[in-house]
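Right, one structure below, let's go through it.
The values are calculated or read from the model by the stated rules, or taken from the named source; none is laboratory data. What you see is a predicted model; the values in this text were computed from it and never measured. Glycine gets a Cβ as well: all are built from the backbone with ideal geometry, and neighbour counts include every protein chain shown.
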Amino acid sequence: MATARILVVDDEPMVVQLASAALAKQGYEVFSATSPAEALKAATDGLDVDLILSDIVMPEMSGPELIRKVQRHSPSTLAVLMSGYLADELLPEIPLVRKPFVLAELISVVKRVLEESEQALRASSRARDTGQRLQEENKRIQGELKEIAHATEEIMKRSEDITGRQRPR
């Protein structure tokens, strides 16, 4: 993935600043929001991001709820959750980074999620290319089979003309 665009969402400004700075230092394009409402507005008003890094427990709306709403608008948006609590609203398909986190762990999880998505996209692209090649090959073979059937019919007609016998039908 070229430079990934990441939206960091947490109601604690220090966490947003720390995570944003660490991710930006890794070469990611980082946007930040200190409330789920601000993040949702940005994401649905045209801010195109590859991944949302969101706290789970926030006022107004939980991180998983925010992610579900953003993904309804932009289904390919990836997500990583972070929390200092044992949250009831975990989504098993979304990786979790426990707070307080070590920056290397946060960066590692974000990088892994982005790389896995990129690998899945490449695999999907290869499968699509293979499917197209198979369809083209299938059309070519069907054309050849039609030619063979036509040639066989011509041979049978000539054989009838030469022998004077009709073939059983």
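Numbers below:
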read-out: Index of the failed condition, Tyr28 passing every other in (1) out of contact with any Asp or Glu (no Cβ under 8 Å at 6 or more places or on another chain); (2) at pLDDT below 95; value: (2)
read-out: Test result for Thr77, in contact with a His (Cβ under 7 Å, 6 or more places away or on another chain) and free of Cβ contacts under 8 Å to residues at least 60 places away in the same chain; value: no
read-out: Some residue of segment 66-79 being modelled with pLDDT of 90 or more, in contact with a Pro (Cβ under 7 Å, 6 or more places away or on another chain) and either more than 18 Å from Leu23 (Cβ to Cβ) or surrounded by 15 or more Cβ atoms within 10 Å (Cβ to Cβ) (or both); value: yes
read-out: In segment 17-39, the residues that are within 14 Å of Asp55 (Cβ to Cβ) and either under 25 Å from the mean Cα position of the chain (by Cα) or among the small types (Gly, Ala, Ser) (or both); value: Ala19, Ser20, Ser32, Ala33, Ser35, Pro36, Ala37, Glu38, Ala39
read-out: Residue among Arg165, Arg126 that alone is modelled with pLDDT under 90 and exposed (fewer than 10 other Cβ atoms within 10 Å of the Cβ); value: Arg165
read-out: Members of segment 1-13 found to be of a type outside the set (A, V, I, L, M, F, W, C) and either under 21 Å from Glu60 (Cα atoms) or loosely packed, with under 14 Cβ neighbours inside 10 Å (or both), listed by number; value: Thr3, Asp10, Asp11, Glu12, Pro13
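Listed here are the residues, each with its yes/no results for (1) touching a helix residue (DSSP H, G or I) at 6+ places or on another chain (Cβ under 9 Å); (2) at pLDDT below 95; (3) loosely packed, with under 15 Cβ neighbours inside 10 Å.
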| residue | (1), (2), (3) |
| --- | --- |
| Val15 | no, no, no |
| Ala24 | no, no, yes |
| Ser32 | yes, no, no |
| Ser35 | no, no, no |
| Leu40 | yes, no, no |
| Leu51 | yes, no, no |
| Glu60 | yes, yes, yes |
